[in-house]
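Heads up, the thing below is written out as structure tokens.
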Amino acid sequence: MRGIELDLVSTILLSMVVLFAGRALVDHVAVLKRFSIPAPVVGGGLMAILLALAEGLGGVKLSLDLALKDSLLLMFFTTVGLAADARMLAKGGVKLVLFLALSAALVVAQNAMGIGIALALDLHPIIGMLGGSITLVGGHGTGAAYAGRLGETLNLQGAMELTMACATAGLVIGAFLGGPVSEYLIKRHKLSGPAPDAVETEAQLAAADEVTSRSLINVLFVVLACLAGGKLLVQLIEGTGFILPDFVFCLLLGVLIRNLLTFAKGVRISDRTIETVGDLALSLFLVMALMTMKLLDLVNLAGPLLVILAAQAVVMVLFTVFVTFRLMGRNYDAAVIAGGQIGFGMSSTACALAIMKAVTLRHGASALAFIIVPMVGAFFIDILNAAVIQGYLALPLFGFGP
């Protein structure tokens, strides 16, 4: 095996090239544009395939310096918080609670589905959990944590490999399903984005809120301060047993700062600049995350797990189309939210927001979706998922009880 190592600057440069390639493909391949597949997903996914072929067939392994990747994710979620005005949060209050309840039901359903299929195939029910919310909602991080614990406790061979493969498969499925589902709902129900007057007003506000070097430095200062504060808060609560990802604290600090600044006369943060920094961070993060996916790990997915994941994808689509979309109002916002729920329900919150950005770029803004989905997908869902997983593991079926 021959290795090629890229330093940080070269890695960022490669990520930009991959992003440009993704944009070009979306612009010139009609099916990608029609189904609102995000450019970072297209470029990053294609690069992951090329790297897997190079490693598997050519014996060449590319090593990237991903030191900036986690910080880009934190920057993105901080900008989500900085864009969350309390008045907008209050406006979406009832819908936020409703969407949280729907997401909780989805987490319960994912694990019930996984366990049911595992038992039907005469497998240990924990295999169904690994193909459920542990990896789909939880992602690679949550999956790795539970795989280590459950693998040792139950003496499951290859638990970590299976978990990482499930999380990777979920990432791919979610990234490519969300956009088409939103597009289907928009076309099927003849929905549209904001009225022309609203679009014109937004355009006028955007023109007045110009991105300048001054506004960029101001926003970067606040974002980096939130990153530093978020990491400090994580360290302070490490010993309490209450553990949440870094990005949750960064998001909450962003919300706090945004709304405290409303009381400071003469001090404001440019919304347009916040959006620009957020788009930049999200695009580069997704490219780095997707192009470094270990696609060769997917060979670890045995037949039964493939059955579980295929069933999860079908249930996810049916749930968002027939439950989430209808209960969230059967309107344009509900269609965008449905695509976002597939994103964080099968993949990640970052991917969910990329899906929604791709959809709204074509059809118009959806302020409600960008309030509700990040709050549920980046904060509440992690707490809910942990509680649901613990509830399932407490069942006599798993043998962890006294």
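Some values worked out for this structure:
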| quantity | calculated |
| --- | --- |
| Output for region 252-282, where each listed residue is of a type in the set (A, V, I, L, M, F, W, C) and more than 28 Å from S348 (Cα to Cα) | L260, L261, F263, A264, V267 |
| Every pair of residues 6+ apart whose Cβ atoms lie under 8 Å, when the first sits in region 347-361 and is in contact (Cβ under 8 Å) with a residue 60 or more places away in the chain and closer than 19 Å to P194 by Cα while the second is among the β-branched types (V, I, T) and not in a helix (DSSP H, G or I) | A358/I37 |
| Candidates S36, S15 - the one that is crowded, with 18+ Cβ neighbours inside 10 Å, in contact with a Lys or Arg (Cβ under 8 Å, 6 or more places away or on another chain) and either modelled with pLDDT of 90 or more or not aliphatic (A, V, I, L, M) (or both) | S36 |
| Qualifying positions in region 215-231 - within 10 Å of L74 (Cα to Cα), open to solvent by less than 50 Å² (accessible area, probe 1.4 Å) and not small (G, A, S) | V223, C226, L227 |
| Residue ranges of helices (runs of 4 or more DSSP H) in region 1-84 with at least 3 members in contact with a Ser or Thr (Cβ under 7 Å, 6 or more places away or on another chain) and closer than 30 Å to N218 by Cβ | none |
| Selection from region 261-274 of residues that are open to solvent by 30 Å² or more (accessible area, probe 1.4 Å), outside any loop (DSSP other than H, G, I, E, B) and either polar (S, T, N, Q) or over 14 Å from I217 (Cα atoms) (or both) | L261, T262, F263 |
| Residues that are assigned to a helix (DSSP H, G or I) and at pLDDT below 90, drawn from region 238-257 | E238, G239, T240, D246, F247, V248, F249, C250, L251, L252, V255 |
| Total residues in region 108-161, condition over 21 Å from Q341 (Cβ atoms), more than 19 Å from the chain's Cα centre (by Cα) and either of a type outside the set (D, E, K, R) or outside any helix (DSSP H, G or I) (or both) | 27 |
| Residue among D333, D279, D271 that alone is touching a helix residue (DSSP H, G or I) at 6+ places or on another chain (Cβ under 6 Å) and charged (D, E, K, R) | D333 |
| Close pairs (6 angstrom Cβ cut-off, 6 or more residues apart or separate chains): under 19 Å from L280 (Cα atoms) and of a type outside the set (G, A, S) in region 37-55, open to solvent by 40 Å² or more (accessible area, probe 1.4 Å) and at pLDDT 90 or above anywhere | V42/L25 |
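The rows are residues; the columns are (1) open to solvent by 40 Å² or more (accessible area, probe 1.4 Å); (2) more than 30 Å from Y392 (Cβ to Cβ); (3) out of contact with any Phe, Trp or Tyr (no Cβ under 7 Å at 6 or more places or on another chain); (4) modelled with pLDDT under 85.
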| residue | (1), (2), (3), (4) |
| --- | --- |
| L68 | yes, yes, yes, no |
| L73 | no, no, no, no |
| A84 | no, yes, yes, yes |
| A101 | yes, no, yes, no |
| L106 | no, no, no, no |
| M113 | yes, no, yes, no |
| I117 | no, no, yes, no |
| A120 | yes, no, yes, no |
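The values are calculated or read from the model by the stated rules, or taken from the named source; none is laboratory data. In this text the structure is predicted, and so the values were computed from the model without any measurement. Neighbour counts are summed over all protein chains in view; Cβ atoms, including those assigned to glycine, are modelled from backbone coordinates with ideal geometry. Only protein heavy atoms, including side chains, enter the accessible area calculation; ligands, DNA and RNA are left aside. Shrake-Rupley method; radii C 1.70, N 1.55, O 1.52, S 1.80 Å.
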